[in-house]
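All of the numbers you see were taken from the coordinates with simple rules; none came from a lab. Here the structure is a predicted model, which is why all the values come from computation and not from measurement. For neighbour counting, all protein chains shown are included, and Cβ atoms are generated from backbone atoms with ideal geometry for every residue, glycine included.
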């Protein structure tokens, strides 16, 4: 593990695939500590707003669309999906993932990282990993414009409160 400065965030060592899950968990813990140390009861977090006109939120995505007053610490959840995909509408879909414990209020965002390793059955995602549905209870990632099913491995990190 390496530590960044001045924020003291732990980051995984490159090339050490065997410790990735442990390293991601340690990284999430240090990010959570950093967030807890910087969140105040009066903190106001605003999401980017389209200045040209209003944009409708996609169906199945439940993220606050305006300024959010957060009086609680942010929560980070992490995990790895390693599953075969299914195909529909010219896209590859990974299975729906339910959070072990739902976020109490809302999910503010989710990040995906494609994984590959020594296992020749895992096909790394070369393009975008998007989210088909996202609520405080669960999410379903997909790979747009990828018409063939594969076995994929994806690390994820969700932030909410």
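Distance between the 7 Å Cα→Cβ label points at residue 78 and residue 98: 2.4 nm.
Modelled label positions at residue 26 and residue 111, each set 7 Å beyond Cα in the direction of Cβ, lie 1.8 nm from each other.
Where does each of 116, 133, 146 land when they are ranked from fewest to most other beta-carbon atoms within 10 angstrom?
With the fewest neighbours first, 116, 133, 146 line up as 116, 133, 146.
Among 75, 143, sorting on how many other beta-carbon atoms sit within 10 Å of each Cβ, with the fewest leading, yields 75, 143.
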